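K.L.:
Take a look at this one; I'll ask things after.
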């Protein structure tokens with residue numbers, strides 16, 4: 001039946017028609033994880049008992065005709081979403097043994113739909129990284145080429161979905177952490193508008209940038225998941241209750257394509273961009289043009305300041321958010337502390353990995369007295385300018401297309417010694433986070449046998465628009481249906 | 001002392017009177033079993049987020065209006081970062097650049113009895129930390145996070161007070177405002193109202209401020225006065241010995257009445273303040289401010305003037321009425337009802353209801369006695385339907401009970417009538433027995449009436465002496 005190739009809608013139909021039970025479907029994917037994940041390392045925790053218990057409940061609901069569209073369908077959660085009773089490590093030694101006493105809002109919303117949690121996926125430690133190499137539990141492999149990184153920080157989710165170990169997964173995107181791994185692994189990944197999806201229970205990296213979202217094989221599946229997890233949450237004051245209209249309906253009519261204008265920012269397609277990637281994107285733009293979409297060159301100036309601004313703001317917030325890991329209340333505690341000072345310093349020295357410590361230090365420095373104005377305040381001003389530039393552009397165009405990454409997936413170990421080069425791989429994704437906008441990365445082809453992603457960026461709360469545009473493309477192409485050969489069998 | 005002048009500024013931490021914490025739904029009740037009132041948010045569990053309790057905004061705005069301050073239309077929460085075991089997130093959510101209240105002033109009496117304006121720099125919202133409890137017994141420190149996240153308003157004055165007594169007057173005035181407006185319960189023993197004092201000295205007439213020390217966490221008016229006075233003397237002694245004052249934080253030791261160094265400026269933290277990205281700015285529009293203003297009761301200062309001009313009450317009476325808002329409300333109601341002299345009415349009130357309420361205030365005052373009932377009792381006394389002597393007994397009877405007041409008054413008035421017949425007989429008997437004293441009265445020694453009153457009262461305990469006195473005089477005059 002090749003269940004692994006099925007979309008969420010197809011799986012839902014199988015379950016609804018009782019062709020297959022949730023227990024069977026769960027078992028099917030758990031077996032895939034058991035046989036394939038040894039090579040990928042995409043999961044940190046797989047709790048079969050928990051999954052089967054959920055599947056059993058789902059089957060009861062189905063038997064009683066009380067199921068929703070998603071009841072019984074498996075999902076994997078990035079290991080920074082708190083799951084009640086299941087280890088949630090953030091891929092850090094600091095939280096190696098941490099079991100949350102409550103569910104993140106995103107998780108409880110999906111549980112309420114009857115979805116089955118397959119496990120918790122690997123990631124960069126505390127979501128800090130672009131290659132999944134900073135995980136305490138080891139790096140994750142890219143299913144398209146096991147010598148390459150899957151991207152990060154949601155590398156485990158991307159790798160698992162790309163190898164079809166899970167039909168869909170949650171991720172989080174602070175500077176590109178959903179879109180970049182989606183691009184590296186040939187998936188569709190949505191970073192929603194800041195405030196669309198509750199952050200409650202999502203372990204914070206940088207609060208003003210973090211946003212949860214889906215990693216899936218298609219825009220359609222992203223839409224299905226997004227429609228469930230979006231919405232105001234009393235537990236998250238930054239979730240937005242003013243905007244209610246961003247429910248996604250994939251109903252864009254071909255007749256309307258002509259009236260849609262798309263901006264191509266010239267700064268994003270400079271000579272810095274890999275020529276092969278640029279060619280692949282050009283071809284996909286050709287597909288859109290054939291469909292009738294209008295294209296226009298636009299300018300997003302000050303693009304060069306994005307990376308420094310992003311790393312200052314994100315690190316500043318992280319330095320404070322991660323203060324709570326001190327060995328006093330939860331998480332790792334160093335052995336035999338001599339005194340309070342020793343408890344703090346050794347716990348944090350031993351519990352955090354190198355990348356995390358680096359960002360905490362950058363952040364603390366940027367916030368310290370005498371440097372605050374020069375770094376943090378200046379970064380906030382740049383952030384404002386970047387957002388204004390986008391909003392200005394949206395006066396002229398409906399959507400903006402951009403490469404997701406300057407390259408395809410690189411080799412494991414290739415950039416670990418060069419932080420700056422690693423940080424630059426976020427150059428096209430971070431501006432979207434700084435501006436708070438929604439963007440989806442879709443697979444648009446291959447370069448040297450590795451997937452290439454392209455971003456569709458929309459105005460505030462226009463998830464519906466960007467997913468419809470992505471869907472229009474996916475109806476014409478089948479890049480999103482490609483499965484890496486090694487995993488393209490039962 | 002004469003050639004030295006001291007300069008004092010106060011930072012007062014007021015615990016806001018709310019049921020739940022500033023950023024979580026946990027209870028703020030005092031004195032519960034340790035860590036039973038700490039939610040995941042209070043514990044700073046990974047992934048939790050603060051959600052602002054909107055009542056604290058109202059309370060801060062009320063305070064701002066009470067001190068004639070600006071209410072900031074867009075105020076911002078900031079994180080104050082420092083590590084301490086009873087601070088679960090290792091940052092405190094506070095306000096720095098845009099506090100909710102800015103500017104403002106109150107008036108106090110200075111040491112010469114003149115009115116003096118003390119400017120208030122700002123008042124900002126923040127969360128309290130938990131408590132560290134050090135045990136010598138097993139050399140351990142225990143953490144109680146029940147207090148973590150309790151809402152505080154930190155009120156910062158300008159350094160404009162010139163003596164410990166001025167500082168105490170300022171503090172008392174602020175205490176009066178926050179308790180009167182029910183912004184805080186003001187309970188100093190439970191730490192709902194605590195004070196840090198910044199103290200420095202300089203030669204009289206000098207403009208430049210001297211090096212200051214900060215006295216931490218003093219929780220009574222008496223200790224504030226003592227701590228400041230000690231600190232002033234310590235600083236004078238140092239300077240007169242040619243030594244220098246170190247800028248530092250000092251703790252007051254109540255038992256020894258001294259201040260001790262806690263940490264110097266060099267050891268002070270760099271708090272790395274920055275806007276808290278988890279919380280939206282507090283947006284307050286003028287409409288909201290006007291709404292709060294309308295609903296706010298008159299402040300003690302305004303009321304005090306009103307009581308004086310309209311009712312001619314004495315300062316002492318006014319102070320008592322304004323000591324507690326329930327008392328004030330009650331007094332306002334009976335003052336409106338009553339036709340007798342306000343001074344007399346308030347005297348009746350203070351000697352009965354007020355004293356009783358102070359002793360047994362388990363319930364709201366108006367649940368214990370209705371203003372209208374009290375007025376009816378006083379009216380009956382004034383009309384001599386019942387005796388003043390019965391007031392206490394009647395109050396005891398109806399206190400907190402749902403009893404019809406007219407039937408109680410009627411009961412006492414008929415008892416009074418029976419009583420009066422008996423008293424008439426008594427007076428007659430006593431006059432007959434004491435011919436000598438009657439003669440004295442007749443010869444003009446009218447003071448002897450007191451003797452007769454005393455004799456009658458021996459057998460008629462609980463009767464109203466003034467009534468008896470009137471009756472005796474009329475009998476004597478008849479002879």
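The values are calculated or read from the model by the stated rules, or taken from the named source; none is laboratory data. Keep in mind that this is a model prediction, so the values were computed, not measured. Neighbour counts run over all protein chains shown; Cβ positions are idealised from the backbone, glycine included.
K.L.:
For region A:298-321, check the following and say yes or no: at least one residue is assigned to a loop (DSSP other than H, G, I, E, B) and buried (at least 22 other Cβ atoms within 10 Å of the Cβ).
P.N.:
Within region A:298-321, none of the residues are assigned to a loop (DSSP other than H, G, I, E, B) and buried (at least 22 other Cβ atoms within 10 Å of the Cβ).
K.L.:
Given the criteria modelled with pLDDT of 95 or more and part of a helix (DSSP H, G or I), does residue A:29 qualify?
P.N.:
Yes.
K.L.:
Inside region B:155-174, can you point out the residues that are free of Cβ contacts under 8 Å to residues at least 60 places away in the same chain and closer than 16 Å to residue B:215 by Cα?
P.N.:
Matches in region B:155-174: B:168 only.
K.L.:
Any idea how many residues of region A:330-346 are more than 11 Å from chain B (Cβ to nearest Cβ) and crowded, with 16+ Cβ neighbours inside 10 Å?
P.N.:
4
K.L.:
Somewhere in region A:248-259, is a residue within 14 Å of chain B (Cβ to nearest Cβ) and more than 21 Å from residue A:69 (Cα to Cα)?
P.N.:
Checked region A:248-259: no residue is within 14 Å of chain B (Cβ to nearest Cβ) and more than 21 Å from residue A:69 (Cα to Cα).
K.L.:
Further question: Being out of contact with any helix residue (DSSP H, G or I) (no Cβ under 8 Å at 6 or more places or on another chain), within 30 Å of residue A:84 (Cα to Cα), in the same structural domain as residue B:187 (by TED's automatic domain parsing) and not in a loop (DSSP other than H, G, I, E, B): is that true of residue B:86 here?
P.N.:
no
K.L.:
Right, residue A:331: farther than 25 Å from residue A:176 by Cβ, in contact (Cβ under 8 Å) with a residue 60 or more places away in the chain, assigned to a loop (DSSP other than H, G, I, E, B) and touching a helix residue (DSSP H, G or I) at 6+ places or on another chain (Cβ under 7 Å) or not?
P.N.:
Taking the combined requirement at face value, the residue satisfies it.
K.L.:
Which of (1) within 23 Å of residue B:14 (Cα to Cα); (2) surrounded by 15 or more Cβ atoms within 10 Å (Cβ to Cβ) does residue B:222 not meet, given it meets every other one?
P.N.:
Among (1) within 23 Å of residue B:14 (Cα to Cα); (2) surrounded by 15 or more Cβ atoms within 10 Å (Cβ to Cβ), residue B:222 violates only (2).
K.L.:
Residue A:205 fails exactly one of the following numbered conditions: (1) touching a strand residue (DSSP E or B) at 6+ places or on another chain (Cβ under 7 Å); (2) within 27 Å of residue B:50 (Cα to Cα); (3) at pLDDT 95 or above. What is the number of that condition?
P.N.:
(1)
K.L.:
Those residues that are more than 21 Å from residue A:419 (Cα to Cα), outside any helix (DSSP H, G or I) and touching a helix residue (DSSP H, G or I) at 6+ places or on another chain (Cβ under 9 Å), I need them from region A:127-171; list them, please.
P.N.:
Matches in region A:127-171: A:143, A:144, A:146, A:163, A:164, A:165, A:166, A:167, A:168, A:169, A:170, A:171.
K.L.:
I would also like to ask the following. Among the numbered criteria (1) in contact with a strand residue (DSSP E or B) (Cβ under 9 Å, 6 or more places away or on another chain); (2) free of Cβ contacts under 8 Å to residues at least 40 places away in the same chain; (3) crowded, with 21+ Cβ neighbours inside 10 Å; (4) more than 26 Å from residue B:134 (Cβ to Cβ), which single criterion is violated by residue B:48?
P.N.:
Every listed condition holds for residue B:48 apart from (1).
K.L.:
May I ask you to list pairs of residues, at least six apart or on different chains, whose Cβ atoms are under 8 Å apart, with the first in region A:54-73 being farther than 21 Å from residue A:10 by Cβ and the second being at pLDDT 95 or above and part of a helix (DSSP H, G or I)?
P.N.:
Matching pairs, first to second residue: A:56/A:22; A:56/A:23.
K.L.:
I've got another one for you. Looking only at region B:348-365, how many residues end up being surrounded by fewer than 15 Cβ atoms within 10 Å (Cβ to Cβ) and in a helix (DSSP H, G or I)?
P.N.:
4
K.L.:
Being away from every other protein chain (no Cβ under 13 Å) and more than 30 Å from residue A:19 (Cβ to Cβ) is true for just one of A:140, A:116, A:161. Which residue is that? Outline the logic, then answer.
P.N.:
Values: A:116 fails: more than 30 Å from residue A:19 (Cβ to Cβ); A:161 fails: more than 30 Å from residue A:19 (Cβ to Cβ).
Residue meeting the stated conditions: A:140.
K.L.:
Is region B:455-468 home to any residue that is part of a loop (DSSP other than H, G, I, E, B), in contact (Cβ under 8 Å) with a residue 40 or more places away in the chain, outside the structural domain of residue B:389 (by TED's automatic domain parsing) and surrounded by fewer than 13 Cβ atoms within 10 Å (Cβ to Cβ)?
P.N.:
Start the filter on region B:455-468 by keeping residues that are part of a loop (DSSP other than H, G, I, E, B), which leaves B:460-464.
Remaining after also requiring in contact (Cβ under 8 Å) with a residue 40 or more places away in the chain: B:460, B:462-464.
Among the residues that remain, those that are also outside the structural domain of residue B:389 (by TED's automatic domain parsing) are: B:460, B:462-464.
This time we only want the ones that are surrounded by fewer than 13 Cβ atoms within 10 Å (Cβ to Cβ), so: B:462.
Yes.
K.L.:
Hey, another quick one. Do we find that residue A:278 is part of a helix (DSSP H, G or I), within 24 Å of the chain's Cα centre (by Cα) and surrounded by 13 or more Cβ atoms within 10 Å (Cβ to Cβ) in this structure? Break it down into steps so the answer makes sense when it comes.
P.N.:
Numbers: part of a helix (DSSP H, G or I): yes; within 24 Å of the chain's Cα centre (by Cα): yes; surrounded by 13 or more Cβ atoms within 10 Å (Cβ to Cβ): yes.
Yes: the conditions hold for residue A:278.
K.L.:
Residues that are within 14 Å of chain A (Cβ to nearest Cβ), assigned to a strand (DSSP E or B) and either modelled with pLDDT of 95 or more or closer than 19 Å to residue B:12 by Cβ (or both): does region B:94-112 have at least one?
P.N.:
Yes: one or more hits.
K.L.:
Going by the structure shown, is residue A:337 over 21 Å from the mean Cα position of the chain (by Cα) and in a loop (DSSP other than H, G, I, E, B)?
P.N.:
yes
K.L.:
Which condition breaks for residue B:377 when tested against (1) buried (at least 21 other Cβ atoms within 10 Å of the Cβ); (2) within 20 Å of residue B:453 (Cα to Cα)?
P.N.:
The failed condition is (2).
Here's the yes/no breakdown for (1) touching a strand residue (DSSP E or B) at 6+ places or on another chain (Cβ under 7 Å); (2) assigned to a helix (DSSP H, G or I); (3) within 14 Å of chain B (Cβ to nearest Cβ); (4) at pLDDT 95 or above:
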{"position": "A:215", "(1), (2), (3), (4)": "yes, no, no, yes"}
{"position": "A:224", "(1), (2), (3), (4)": "no, yes, no, yes"}
{"position": "A:227", "(1), (2), (3), (4)": "no, yes, no, yes"}
{"position": "A:240", "(1), (2), (3), (4)": "no, no, yes, no"}
{"position": "A:243", "(1), (2), (3), (4)": "no, no, no, no"}
{"position": "A:246", "(1), (2), (3), (4)": "yes, no, no, no"}
